[in-house]
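Heads up: the structure comes next, in structure tokens.
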Amino acid sequence: MSPEFLWYIPNTVEPGHRGDDTTDGWGSIEYSTDLARTAERHGWGGALLGTGWGRPDTFTVATALAARTTTFKPLIAVRPGYWQPAQFAVAAATLDQLSRGRVLVNIVSGLDNLAAYGDTRSDPAQRYARTREFLHLVRRLWTEEDVTFAGEHFQVSGSTAAPRPWTTADRAHPTLYFGGASEAAERVSAAEADVQLFWGEPLAALAERIDRLRKLSDQVGRRHRPLEFGLRITTVVRETTEEAWRVAEERVARMAAGPSDELTWTGNRKTAVGQQRLYDLAARGEVLDTCLYTTPGTVGGGGAATTWLVGSAADVAAALDDYRKLGITHFVLSDTPYKQEIVRIGDQLLPRLR
């Protein structure tokens, strides 16, 4: 299958996200539309929309961007504790029809400001059990009629969602992305997700996880197409290898010198298994594989900004191609300033990957 290349739109009202020095427009439709249209023009299939309590609602922003673009696919981050599955299934199918099949969905189980929006599930086991029910039920509501379901977390009776998602010969509904590195999270992916989304770990670690997830798919009785795999990572690309590393090291020095503004989201960084796996990489060396930079995580970087791929377009393309050889076919890349790097990475890196 052809790989999917997506960018990242921070979707925040606060300036300075991950060091972006743009001062105006954050949180406005003009700013986000400009990023989405720039992504269209420079080869990106779409973009992940950042989520978190205190940010603009991702679904509302995705709807606005879909109306202002032609091919742009919003990867909409949603939380099962924020949406009921039947409500979400209808909302997403409606937008999918209106946009002619451009909706992608990223299901997020990590902790947020739960009390602010009335989520009472903080126990990890319960959250993953709820996510599995959410994915299972949304998929059924998109593809079946008269659905009755009585689970521990969600119930519907005689439910038929209308309209249906936009369908083609290769697509029955929006792709369901999911991330997580704990055993409970991997069981959810193996059973119900379409794409397991990884953060930037070394090749050997992801090869091991991919093998485990494929075996786990059989163990949990997966009933869908084979699980696919994606990578969400920061990419620092410059004309030469030397320039890219100079930029990366200067940025890390600035992060180390003052309070980190690397993340708007803080979530469960101290307890999340996937985040801790990234933090632990620094003990193995500053640079792993060919150009995976681990130092950002030691000075405040978190999530997709914990590890970076650094180098020339040829260097980073070769590194991403190594991930593709493992079976990874979905790539969500980013760097800041967001608009400038949409253009640079889109023009210099994507042609090498295609």
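What follows draws every value from the coordinates through simple rules; no lab data is involved. Worth saying up front: this structure is predicted, and the values here are computed from it rather than measured. Note that we place each Cβ from the backbone using ideal geometry, even for glycine, and neighbour counts take in every protein chain shown.
Tabulated data for the structure shown
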| quantity | calculated |
| --- | --- |
| Cα long-axis angle, helix 338-348 against the chain (0 to 90 degrees, to the nearest 10) | 80 |
| Global form of the stretch 152-193, assessed from the alpha-carbon gyration tensor, a/c cut-off 1.5 | oblate |
| Cα-based equivalent ellipsoid, the stretch 1-158: semi-axes from gyration tensor eigenvalues, Å | 29, 20, 13 |
| Angle in degrees between helix 183-192 and the longest Cα principal axis of the chain, rounded to the nearest 10 | 60 |
| The stretch 74-154 shape via C-alpha gyration tensor axes, a/c threshold 1.5 | oblate |
| Listed residues Thr12, Ala115, Ala89: farthest to the positive end of the dipole of the stretch 11-131 (Cβ charges) | Ala89 |
| Euclidean distance of C-alpha centroids, the stretch 41-84 and the stretch 168-238, integer Å | 20 |
| Tilt relative to the chain, helix 203-219 - C-alpha long axis, 0 to 90 degrees, to 10 | 10 |
| Candidate aspartates and glutamates for bridging to Lys73, where Cα separation is under 17 Å - those fewer than 8 sequence places away on the same chain excluded | Glu4, Asp34, Glu40, Asp57, Asp96, Asp170, Asp194 |
| Qualifying trypsin sites (Lys or Arg not before Pro) in the stretch 193-255, DSSP loop, other Cβ atoms within 10 Å at most 14 | Arg223 |
| For the chain, built as a Gaussian network whose Cα springs stay under 10 Å, the top-fluctuating residue of Val103, Val316, Val299 | Val299 |
| Dipole of the chain, positive direction: furthest Cα of Pro74, Phe149, Thr294, with charges on the beta-carbon | Phe149 |
| Ranked by how many other beta carbons lie within 10 Å on average, peptides 24-32, 39-47 from highest | 39-47, 24-32 |
| For the chain, calculated [θ]222 nm from helices alone, where every DSSP H run of n ≥ 4 adds -39500 (n - 2.57) | -12000 deg cm²/dmol |
| Compactness index (Cα Rg / 2.2 N^0.38 Å), the chain | 0.95 |
| Within the chain, percent of DSSP bridges classed antiparallel, to nearest 5 | 15 |
| Cα shape, the stretch 211-354, gyration tensor, a/c 1.5 rule | oblate |
| Restricting the stretch 125-182 to GluC sites (Glu not before Pro) in coil, as DSSP defines it, with at most 16 other Cβ within 10 Å | Glu144, Glu145, Glu152 |
